[in-house]
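The values are calculated or read from the model by the stated rules, or taken from the named source; none is laboratory data. Values in this document were obtained by computation on a predicted structure and should not be read as measured data. Please note: Cβ atoms are built from the backbone with ideal geometry, for glycine as well, and neighbour counts cover all protein chains shown. Side chains are part of the model used for accessible areas, which takes the heavy atoms of the whole protein and leaves out ligands, DNA and RNA. Shrake-Rupley method; radii C 1.70, N 1.55, O 1.52, S 1.80 Å.
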Amino acid sequence: MTIGVLGAGYVGLGTAASFAARGFSVVCADVNESRILGLQRGELPFFEAGLQELLVSALNPIVFTAKVEEACACDVVFCCVGTPSAPDGSADLSYVESAAQSCAQKNPGTIFVLKSTVPPGTSQMIAEHVEHKLCVAANPEFLREGRIVEDALNPSRIVIGVDDEKTLEVMREIYQGIDAPIVETDTKTAELIKYASNSFLATKISFINEIAGLCDVIGADVKTVARGMGLDDRIGSKFLQPGPGFGGSCFPKDVRALQCLARSRGENLEILDATMRVNDMRQKLSVLQVKESLGDLGGKRIAVWGLAFKPETDDIRDAPALAVISELLGQGAIVVAYDPMVKALPAPFFSVIHAPSPHDAICDADALIVMTDWTEFSSYKKTDLKQKVRSHCVVDLRGILK
Ligand code: NAD
Ligand code: UGA
């Protein structure tokens, strides 16, 4: 069986690598030609530990192409294109629609599997959009950036959403032999499992961030509260780390898209309204905390440790660091940033100076803000750092310093 993958981003490359590692012939296409040229030279378009090795060591070398129709000609086509937020917060499905059109034209009758995160009802909508020339399945992806290899090879679960028996049989064949629980269901339910999972994790983060706020007021230690809660395995210790609010390309967009979908059906998901409100507030509070601690920022040199939205990635999409830096620059501060992986920022952040090490970033700085919980920051003592910056001000938004 040949596998086509549309989109060579985080999910597309994770999907292509895992199928190739299992011996399938994989053709991976992207409309971004320079991305494909890089991949043909063996260069990843982003930093992701271990992924390059997995792509290279695949039993069958992956064919990378900018000709979408070559991937569409495969037996089964996995759609891994982006579904960004539209201005009203709903999921913009234009890339998915375009990928489906290409597939329906090139290879009518084929199985088109939606790995992209799409609102419930999208698989059926796409099937109608292409006049039922494709058998559409929903097979949402749960991988985490920074853990793509681990998650692609050992998924926590495989969710297969289909609306016909024949497609189910092919999907079963594709995933046979994988040691993971399989949930078989209809397409709408599969699509909702993905949104509900991301929304639940986002809600867990907002919950601990609210508790963190209360801890500040009453003088309790949120890390110990989180530890004490997490030891109850009904609660679990994961995703109880307070911080400057969740960022990244998925949680904010997916929570908003689910809210939008629910509202369009006359339902209001109150809990998600609160999750987003708390998150927005947390991001604003982080900026306020920085401003309060530093006073007048005009001409001050502020060191920022960490730019990526989380460790082990160079992804800065919706990164909390950018909101804070934007405020600092707006107030006339000079920002010197250090991130182990992010070495440049797009406009309007061109004025940010990139330091080669954490030490260089704080050299001659008035204050330090820690934005991302990279492990290398955990070896620094807050008290030592306070002595090193002029105003003795260190704001550790991740609670990672010793
Ligand atoms: P991405 O932006 O990294 O990659 C998407 C790629 O699709 C881009 O390279 C783009 O050029 C390409 N593309 C757009 N239209 C195309 C077309 N018609 N044919 C071929 N290629 C096309 O996106 P991503 O982060 O991999 O996310 C993709 C989807 O998976 C989104 O719906 C996202 O919500 C979901 N998802 C992402 C993650 C993650 O960790 N990033 C995890 C699970 C699910
Ligand atoms: C998330 C999910 O974890 C994946 O399962 C999902 O597949 C993916 O979204 C997606 O749909 O794209 P990812 O965005 O890579 O993965 O990152 P997470 O590790 O979930 O972190 C998201 C944000 O929450 C980051 O800003 C992180 O710093 C923050 N976070 C996470 C906290 O503030 N506290 C925590 O305890 C955990």
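Tell me, which helices (runs of 4 or more DSSP H) wholly within the stretch 306-388 include 3 or more residues that are closer than 16 Å to residue 243 by Cα?
It comes to 320-330.
Give the residues of the stretch 1-39 that are of a type in the set (A, V, I, L, M, F, W, C), within 28 Å of residue 344 (Cβ to Cβ) and not in a loop (DSSP other than H, G, I, E, B), sorted by residue number.
Result: 11, 13, 16, 17, 28, 29, 36, 37, 39.
Could you say which residue among 278, 304 is farther than 30 Å from residue 80 by Cα, touching a Ser or Thr at 6+ places or on another chain (Cβ under 6 Å) and buried (at least 18 other Cβ atoms within 10 Å of the Cβ)?
278
Which members of the stretch 185-231 meet the condition of being in contact with a strand residue (DSSP E or B) (Cβ under 7 Å, 6 or more places away or on another chain) and not hydroxyl-bearing (Ser, Thr, Tyr)?
186, 190, 191, 193
I'd like the residue in the stretch 1-39 that is under 20 Å from residue 173 (Cβ atoms), away from ligand 2 (no atom under 16 Å from the Cβ) and among the β-branched types (Val, Ile, Thr) and, out of all such residues, is most open to solvent (accessible area, probe 1.4 Å).
The residue in question is 2.
Enumerate the pairs (first residue in the stretch 241-261 and within 13 Å of residue 322 (Cα to Cα); second residue anywhere and aliphatic (A, V, I, L, M) and open to solvent by 10 Å² or more (accessible area, probe 1.4 Å)) with beta-carbon separation below 7 Å, excluding pairs fewer than 6 apart on the same chain, so at least 6 apart or on different chains.
Going by the 7 Å Cβ cut-off, the qualifying pairs are 244/397; 246/205.
Filter the stretch 154-181 for residues that are of a type in the set (S, T, N, Q) and over 19 Å from residue 126 (Cα atoms) and give the result.
Across the stretch 154-181, the qualifying residues are 154, 156, 176.
When you go through 86, 152 one by one, which is the residue that is of a type outside the set (Phe, Trp, Tyr) and within 16 Å of ligand 2 (Cβ to nearest atom)?
Checking each option against the conditions leaves just 152.
Out of the residues in the stretch 120-144 meeting the condition of being open to solvent by 20 Å² or more (accessible area, probe 1.4 Å) and within 16 Å of ligand 2 (Cβ to nearest atom), tell me which one is farthest from the chain's Cα centre (by Cα).
The qualifying residue farthest from the chain's Cα centre (by Cα) is 120.
Tell me yes or no: at least one residue of the stretch 276-294 is within 16 Å of ligand 1 (Cβ to nearest atom) and within 21 Å of residue 118 (Cα to Cα).
no
Of the conditions (1) under 19 Å from residue 143 (Cα atoms); (2) part of a loop (DSSP other than H, G, I, E, B), residue 267 fails just one. Which one is it?
Result: residue 267 fails condition (1) only.
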